[in-house]
1. What is the packing order of peptides 92-98, 412-418, 177-183, 265-271, taking the mean over residues of other C-beta atoms within 10 Å and listing the highest first?
2. In nm², what is the average projected area of the convex hull enclosing the Cα atoms of the stretch 339-430?
3. With Cβ to Cβ distances under 15 Å as the rule, what net charge do the other residues near Lys143 carry (K, R +1; D, E -1)?
4. How about the stretch 366-413: which chymotrypsin sites (Phe, Trp or Tyr not before Pro) there lie in a loop by DSSP and see at most 12 other Cβ atoms within 10 Å?
5. Rounded if a/c is under 1.5, else prolate if a/b is larger than b/c, else oblate: which is the stretch 215-316, with a ≥ b ≥ c the root eigenvalues of its Cα gyration tensor?
6. Between beta-carbons, use under 13 Å as the cut-off and find the net charge around Thr330, counting Lys and Arg +1, Asp and Glu -1.
7. Collect residues whose amide H, placed 1.01 Å from N in the peptide plane, falls under 5 Å from the amide H of Lys331; neighbours closer than 5 in sequence don't count.
8. Given the convex hull over the Cα atoms of the stretch 245-378, what projected area results after averaging over all orientations, in nm²?
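Please treat every number below as a calculation from the coordinates, not as lab data. Quick caveat: nothing in here was measured; it's all calculated off a predicted structure. Quick reminder, even Gly has a Cβ in these numbers, built from the backbone with ideal geometry, and neighbours come from all protein chains shown.
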Amino acid sequence: MESAVALSSRASLQTTTGPASKMPSSAQASPGRKRQSLGDEGVTVGLIATQLKGSTAKTKPLQTIIISDDYEKMELKEIPIDNIIQPLNRNEAIGLILRLTAFGAVTYFTIKWMADAIDPTRKQKAEAQKQAEKLMRQIGVQKVKLSEYEMSIAAHLVDPLTMQITWHDIAGLDEVLTELKDTVIFPIQNRDLFKGSRLLQPPKGVLLYGPPGCGKTLIAKATAKEAGLRFINLQPSTLTDKWYGESQKLAAAVFSLAVKLQPSIIFIDEIDSFLRSRSNSDHEATAMMKAQFMSLWDGLDTDFNCQVIIMGATNRPQDLDSAILRRMPTKFHIFQPNAKQREDILKLILKNENVESAVDFDEIAKQTDGFSGSDLREMCRDAALLCVHEFVHQESPNEDFIRPIRQDDLQRALEKMKKSKSAGLQEAFMHITLD
């Protein structure tokens, strides 16, 4: 096949092969009309295609238009399609495939980079993945493949070696700790003893409820340290995402991760803020997340032999959904400590402190009625600060050590704590609306 482009000056293109048709009379230049030119010299652009000698094309020919510079002629030429479309040889085909592959790869990585660049949580996800990998190595979990969502949850694993709270650091809750060890921890650690019984299996959920500052979170920390189980400290903010449907995937990842790491405990502090009673005012995404969480917790697909326990702590059990309470059959009510328990707590708090031997813990415990364990700790801290205050502001510093805590220091700190508690109660009553 041969093709040529002919450029001529002030000359019409003449063709001798094939039939030709002239322009309509309406397209011809009329007398008196100035002929338009493409430049100082007329230029004729034509496409001439000639067939190879001996070519016998059977395909339908194409028609091309040839325009002369004086706009007086327009001829149509018939060109066989076989002379235009030719099959690619092997090298051309390989080159085309390589170019298309390179273009597709560049397009894919460009779009992926743009999507990652506009994601506001990209850095947090990368940091969570690094934290998760570090914690998995520390707790001895290896060769476990985790998805992207499971990596986000794994960042909240608790390393038992980093926990400083043990059973011996909890005073006044001996009955609760004993029952917790017997009904929850022992069946998991000695599962072979109860293999044939369904009634002696560990519970699916454990609820710790009671007034603030009485040791609910402290029990959870000691459980993470002493139980020897994989402990996931789940925060409600971990399951919330601005993208629709992501919260359900994260909720599913919580249980899939816990199953891969079983036996494990999922602890949710202030569980009432996450799994409160459902109502018509709930957002659709929140309602779907709660339904997904409960379905995976104890639903149709739940494995009976699954060793995953949900442990929650709250001081507002009345706000929890009834379906959540049904899934937490083991409940521990953490009461305000009585006089004997307060005495034990005071002795534990001041165990390693510099205290005079004449301090009467029984008398202090009787005067602290209504105090929680957290209140007692703050009271002892104020008493110790009184000794520091006296050392700093003494007129003639003859001693280079802080004196021990005395009975009157605890009495002064007790009166200060009572005033702050009474002020808090008065402020609470001021916000109560009367009908």
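1. Details: 92-98: 10.9, 412-418: 16.7, 177-183: 14.9, 265-271: 21.7.
Highest-to-lowest ranking by the protection proxy: 265-271, 412-418, 177-183, 92-98.
2. Working: hull surface 27.5 nm².
For the Cα atoms of the stretch 339-430, the hull's average projected area reads 6.9 nm².
3. Details: positive: Arg137, Lys145, Lys260; negative: Glu133, Glu150.
Result for the local shell: +1.
4. Values: sites: Phe371, Phe391, Phe401; in loops: Phe371, Phe401.
Counting only loop positions with at most 12 other Cβ atoms within 10 Å, the chymotrypsin sites (Phe, Trp or Tyr not before Pro) in the stretch 366-413 are Phe401.
5. Working: a/c = 1.94, a/b = 1.33, b/c = 1.45.
Oblate.
6. Details: positive: Lys181, Lys204, Arg326, Arg327, Lys331; negative: Glu179, Asp182.
So the surrounding residues net to +3.
7. Leu207
8. Numbers: hull surface 47.5 nm².
In nm², the orientation-averaged hull projection of the stretch 245-378 is 11.9.
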